[in-house]
Amino acid sequence: MSEIVGRSAYVIAIAGVVALVAIVLFFAVGQPFGTINDLSAVVETLALAPVMFGFYELGGRTPITAARVSLVSGVAAVLVWSIVQVAMVLGLVTFDYVRPAIGGFAIEAVALIVIGAWLSGANLLAGPWLPGRLRWLGAMAGFGFALLGLGLLLGGLKHTLTYLGGVGYQLLFPLWGLLLGRVLDRRS
């Protein structure tokens with residue numbers, strides 16, 4: 001199990017770097033880099049689902065019922081966010097990025113908050129298998145997800161919380177994935 005989880009963590013890291021480079025190129029050059037960023041973010045986010053199962057299997061300081069509720073809600077949020085994001089890429093839904101999120105964009109924002117809550121909680125409550133610094137990095141990345149979602153709900157892309165959350169999502173999350181992959185490689 002930890003081998004699959006480790007590979008998924010590396011996918012988070014690689015897709016996160018691709019997404020970060022693509023968003024920079026999108027703002028500098030334009031398309032197709034916006035679409036590449038969006039699709040890389042889908043890969044990055046979907047790769048979190050196996051990691052969620054891995055955290056559940058590796059254990060932590062959470063009662064079993066709470067751990068199961070957290071796992072189910074986290075995986076559901078990953079799937080919902082990814083489906084809505086792919087629908088946006090395909091032009092099935094549109095987003096108004098300037099205003100507070102509504103419709104599909106609001107659904108994505110709420111999913112980001114749930115993912116962020118899982119990421120923060122799972123890292124902070126993980127068992128002794130997760131090193132302290134990585135635990136805090138994961139919690140901060142999760143906090144970034146939650147801030148991003150909250151910022152989108154409150155004011156769209158231009159909201160201060162969106163920018164702050166973007167740091168956790170675009171920078172800390174891929175770094176956490178890389179370091180988590182290394183930790184899990186050592187366990188194998």
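Per residue of the stretch 168-176, what does 6.51 cos²θ - 1.76 cosθ + 1.60 with θ = phi - 60° give for ³J(HN,Hα)? Whole Hz please, x for Gly and Pro, Karplus curve as stated.
Couplings: x, 6, 7, 10, 6, 4, x, 5, 4 Hz.
Mind listing the phi-derived Karplus ³J(HN,Hα) values for the stretch 143-153, rounded to whole Hz, using 6.51, -1.76 and 1.60 with θ = phi - 60°, and x for any glycine or proline?
Going residue by residue, I get 4, x, 4, 5, 5, 4, x, 5, x, 5, 5 Hz, with x marking Gly and Pro.
Order these peptides, 126-132, 83-89, 71-77, 172-178, by their mean beta-carbon neighbour count within 10 angstrom, highest first.
On the way: 126-132: 13.6, 83-89: 17.1, 71-77: 18.7, 172-178: 22.9.
Those peptides, ordered most packed to least, come out 172-178, 71-77, 83-89, 126-132.
Note down the relative contact order for the chain as a percent, whole number, built from C-alpha pairs under 8 angstrom at least six residues apart. Present the calculation step by step, with values, prior to reporting the outcome.
Working: 310 pairs, mean separation 51.2, N = 188.
Rounded, it is 27 percent for the chain.
What number results when the radius of gyration of the chain, computed over Cα atoms, is divided by 2.2 N^0.38 Å?
So the Cα radius of gyration is 0.98 times the expected 2.2 N^0.38 Å.
Name the residues whose placed amide hydrogens come within less than 5 Å of the amide hydrogen of Gly60, ignoring near sequence neighbours (fewer than 5 apart) on the same chain.
Hits under the 5 Å cutoff: Gly127.
Taking Cα pairs under 8 Å and at least six residues apart, what relative contact order does the stretch 1-42 come out at, in percent?
Worked out over the stretch 1-42, it gives 39 percent.
Read the figures in this text as sums done on the coordinates, not as results from a lab. As the structure is a computational prediction, the values presented were derived from the model and not from experiment. Cβ coordinates were reconstructed from backbone atoms using ideal geometry, including for glycine residues, and neighbour counts include every protein chain displayed.
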